[in-house]
Each structure stands twice: as structure tokens, then as C-alpha cells.
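The values are calculated or read from the model by the stated rules, or taken from the named source; none is laboratory data. Just so it is clear, the model here is predicted, and its values are computed rather than measured. Counting neighbours? That spans all protein chains shown, and the Cβs are built from the backbone with ideal geometry, glycine included.
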């Protein structure tokens, strides 16, 4: 995947996608797979903004059963299967458990019926999946079995537990990138750090966008018959300087997921309710029950999601320490045995999501929109060729992508929809990886070869072969930058040369998992930045600038020591 601005500026496209989060990534992959000449631009890095805030669950929509929303359930089931087909190394089955109390609508009998309906609706959930990724049927377990898994659970009224299986993504940042990489392999032009500035018209017809490369500051026009706006919180930015444009009426809520630096439960994802969402002083005293999931992830626990209305400037949005503390207080009211404090939080993920319509206008803790919405701007502003997608759900992005490309096809009598994923999976598996590592015989890796092989395959899948190529050429590429997780120098070089990493933050947060669940050591960050400096020609001033930018991400927990001592040490 190479950064070719010349193609972007010189070639006309059928479809230009603006925004490289999970929806833009899924759309560009879908469009190019159907035969459209396609490009994607992202003003930051791929998956940098809202898509980086994920609870890692690729779910089948079981909770929609309560509303009888079978359509959304089927969309989620289909999308989950698509994720597990296209990136089996990144998404694996995980059991989930919700305790059952009483015998009412959420009791044992109702949950048994619900799980049976869920299995019937997901009859094709395992179609074309690898043997390791097959999802078992759901079941209801006894009170005793539930307490074996959750011994500190409140026992009064407990009648059992509902168990089902969903997908769990080890690394959603690389999962988003996987769609971009596949699109690039299919000859889509995909480029990060290019900002769409304005829509361009010719005799009243939309012909593309004027864009600016944020690296070189070069401005140019990208010509395209269709522009698909998948810019997330910046959806309306593309319309700001357009005459007679009708901005979309969107308000925003922030979503927060916390990473707890210890496993709170077993290998199950646990859903616990009973906490009360706080309300503003102007609203009624009534409080809403919330359901949070405690997800086993990277030897730790990810907990979420907490929502809170955001009214400020999108460019000024930052997570505050008090937001984290407020979330911890609510979690402790749900699960007192956790006794969670700021000392337990190793990192956090957050982002802005479109607010669901019709909610209490003074309720601070409002839920995001659960439906994706496709907007054709032609009826709104007589502008043919501009489509937008508004969505919050990571899981359903592949289905939304199919539908928006269907719309382009219907309007332009273009290529027919692709029925099933035709991408052939490579046979380069973890065993092949391990055999290659053993043959290379890297004496400089003071780590179990099996652990290295698991790490590489889990993050890169068949693309691990590229990492191995670097190791074969230069054993120094096997030097460990970090032992937890085990990041090698070859991964840094691979991220720069093959995956368009241009900043230290790109590698730390999105090409590798170096900084995804805690602040890395200063030594690891310095080693990574110097490898990138050699590849990209950075001077010492640029290295320090990149280091400070990464450390600033962890600032809401900067009072923590020793995990966050790096921030104070380097300011």
C-alpha cells in the first residue's frame, strides 16, 4: 500500500470515499470489489477517530431481540459473519454471560426462548467460517454454574445465566486497516492525511472535491462521479462552503470504554446491569438502568460503554479525568467487589457518536443512534452524486457499505452487487509462521518463538509473511522493541513501508498494539521513533514532537505513577 498522490490528482474515479474510519474502509473495499474505480481519503490516519473507540465485540444483535427488531438482528448477524470471513485472524468467538434473576420478562424461561429464537435467526452464522471460528449455540446455565463463573455475584433472586457467543476482535484498529489493505490490493487509491476541503461543481454538477495533502500542503482536485461522505463527526464539514447546502441535523454523544489492568472475571464477557445513568439537574429525578459489558481482552478487562452528551466544538473534543472517574463510580455501583479506582485504569478509548433522535433534551447521558442511515443529497439540495452515511455501529459497517454501493449501482446502472466475499484466504498460518521463525534461528529474540508466532499471526494473518521477509534479510529486524506485547523492529519498518504509517502515533496505536492498552515505556517509544526517523528522514526536533504527541494521549491519567510518569518526565 503506497501513498501515490499523483494517481489521486490525475485520474478520474467512479467513487470517492471521504473518511477512513470503519465505514469508509468498508465502503472502499466494497466498491472496488464490484468493479468501480475507487479512491479513499482520510484527513488523519485510517481508523484514528471514532472507529478507534470500540468495545471489540463484533456482535450478532442479540439485544435487539427485546425490541423485536429482527431486521437489525439479521443485519448484525450477516455483518459479524463478513468480519469473521474476511479477517479470521483478527476476530474469534467469545462466550458472553448475563446473570438471570426471577421469572419475568428477563427471567430464565424468557431468556431460554430468546436464545432459541436467536439461534434460529442466525442459522447461517457459521457459513464459510474457518473451523476455529465457528460460533456455538446459546444456552441457559444453572444458578450453580453461574456462581462458579461469577462467585461474587449478588445471590438473591439469581436463577441462572444466559450464555451466547459473539465475535471478539483482538485489534479493531488493524481490523479497520484490513479493509483498506484489501481495497488497495484490488487497485483502489487509498491515502491518509488528505483532507477534503470543498465540493467542486461544474455547470451545477458535482464533479469531485478540492483536497489538501496535510503533509506537503499541496491542494488539488479529485475528480469523481460519486462522492460518499463517511466522515463521522465531520459529516457536515464537507457542506460548509457549499451554496444552498442543507447540513444534517446531528447532535453528538461521547462514548467511553475503559481498560482495567487486570482480569476481573474469567474468559467470559460479562453483562451486568443495575447501575443508574446520572441526569442533569434540570431533568426529572427518574434514572435509567444501564447495562455494561466487562470484556476479557489482552489479559485485561475492557468495560463499556458509557455515554455523555457533547455540545462543544468537534475540533476541541478531549476526554477529561472527571469523565473517567464518573464512569468508575457507576461501575462500582454495578459491581462493588471490583473496587475500581484510577489506579486500575491503564488506558481508555473514546469518540463522538451521533445522538439518537427523540431523547430527553436535558438528559446528559444519552444513547447514540442504533441505526445506520444513508442520505441521498439530491432530494435535499438538488445535488446529484453526493451520498452520506451516518452510523455508530462498528459491527454493521460491511452491511451499510453494501447498501450504499447498491444505491450507487441502482442510480447509475453500474456493476451488480457482489454476493459473497471472493477473497481467498492464504494458507500461511501460525504453524507456517512458527516454522519460519525457527529456521531463521534468531538468537537475539529472548522470547518464546511460539509467543512471537501467535502475536504476528493474531495481528497480521497471512501478511505476517512480509514481516518474516524483513527478518530473513536482516536479523537486527528481530530486535524486540517491547516484550509486552512482543513488538519487533520489523513491525515498525513494515508499518512505514507497507502500511502508510507517517507518524509515531500511527504505529503506536494503529499499526501495532504497542500503546493500545497502556502507556508504553519511554525506551520503547524512543526506539520506535528512531526506527521511523531512519525510514522517514526525521530530525531530532521532529522525533521529540512525535513523542510528545503520543504521550499527550495519556494525559487524562497523567497523575498516575509509574505508568504515566513518562508524561511528566518529558514535559
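Side notes on the structure shown:
- A single entry from 492, 487 fulfils the requirement of being modelled with pLDDT of 90 or more, farther than 24 Å from residue 263 by Cα and touching a helix residue (DSSP H, G or I) at 6+ places or on another chain (Cβ under 8 Å): 492.
- Any chance residue 366 is within 30 Å of residue 262 (Cα to Cα) and either at pLDDT below 90 or within 20 Å of the chain's Cα centre (by Cα) (or both): yes
- Neighbours by Cβ (under 6 Å, 6+ apart or cross-chain): first from segment 257-285, on the phi > 0 side of the Ramachandran plot; second modelled with pLDDT of 85 or more: 274/334
- Against the numbered list (1) without any contact (Cβ under 8 Å) to a residue 12 or more places away in the chain; (2) crowded, with 24+ Cβ neighbours inside 10 Å, residue 10 comes up short only at (2).
- Failed item in (1) surrounded by fewer than 17 Cβ atoms within 10 Å (Cβ to Cβ); (2) over 30 Å from residue 37 (Cβ atoms), with residue 252 passing the rest: (1)
- Test result for residue 235, touching a helix residue (DSSP H, G or I) at 6+ places or on another chain (Cβ under 9 Å) and either under 25 Å from residue 411 (Cβ atoms) or without any contact (Cβ under 8 Å) to a residue 24 or more places away in the chain (or both): no
- Yes/no for residue 230 being at pLDDT 90 or above, over 21 Å from residue 407 (Cα atoms) and touching a helix residue (DSSP H, G or I) at 6+ places or on another chain (Cβ under 8 Å): no
- Check on residue 77, under 30 Å from residue 291 (Cα atoms) and outside the structural domain of residue 126 (by TED's automatic domain parsing): yes
- Flag if residue 238 is assigned to a helix (DSSP H, G or I) and buried (at least 20 other Cβ atoms within 10 Å of the Cβ): yes
- Listed by first and then second residue, the pairs linking a residue in segment 460-486 that is at positive phi and assigned by TED's automatic domain parsing to the domain that holds residue 523 to a residue that is outside any helix (DSSP H, G or I) and modelled with pLDDT of 90 or more, with Cβ atoms under 8 Å apart and 6 or more places separating them unless they lie on different chains, are 461/87; 461/88; 461/89; 461/90.
- Cβ pairs under 6 Å, 6+ apart, first in segment 537-565 and at pLDDT below 75, second not in a loop (DSSP other than H, G, I, E, B): 558/567; 564/557
- Condition check for residue 406: modelled with pLDDT of 90 or more and in the same structural domain as residue 327 (by TED's automatic domain parsing): no
- The lone criterion from (1) touching a strand residue (DSSP E or B) at 6+ places or on another chain (Cβ under 6 Å); (2) not in a helix (DSSP H, G or I) left unmet by residue 23 is number (2).
- Scan of segment 60-81 for residues that are buried (at least 24 other Cβ atoms within 10 Å of the Cβ) and either at positive phi or under 15 Å from the mean Cα position of the chain (by Cα) (or both), ordered by number: 61, 79, 80
- The conditions of being out of contact with any helix residue (DSSP H, G or I) (no Cβ under 8 Å at 6 or more places or on another chain), in a helix (DSSP H, G or I) and under 21 Å from residue 170 (Cα atoms) are met by residue 80.
- Strands (runs of 3 or more DSSP E) contained in segment 118-213 and holding at least 1 residues under 26 Å from the mean Cα position of the chain (by Cα) and either outside the structural domain of residue 103 (by TED's automatic domain parsing) or under 22 Å from residue 22 (Cβ atoms) (or both): 158-169, 189-192, 194-202, 205-213
- Options 137, 128: the member that is modelled with pLDDT under 95 and more than 17 Å from residue 40 (Cα to Cα): 128
- Meets criteria (part of a strand (DSSP E or B) and without any contact (Cβ under 8 Å) to a residue 60 or more places away in the chain) for residue 492: no
- Selected residue (criterion: surrounded by the most Cβ atoms within 10 Å (Cβ to Cβ)) from residues of segment 452-475 that are more than 19 Å from residue 297 (Cα to Cα) and out of contact with any helix residue (DSSP H, G or I) (no Cβ under 7 Å at 6 or more places or on another chain): 463
For every residue, the table says whether it meets (1) closer than 29 Å to residue 390 by Cα; (2) crowded, with 16+ Cβ neighbours inside 10 Å.
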position: 317; (1), (2): yes, no
position: 329; (1), (2): no, no
position: 332; (1), (2): no, no
position: 335; (1), (2): no, yes
position: 342; (1), (2): no, no
position: 346; (1), (2): no, yes
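- Between 41, 100, 57, the distinction of being in contact with a strand residue (DSSP E or B) (Cβ under 8 Å, 6 or more places away or on another chain) and closer than 18 Å to residue 196 by Cα belongs to 41 only.
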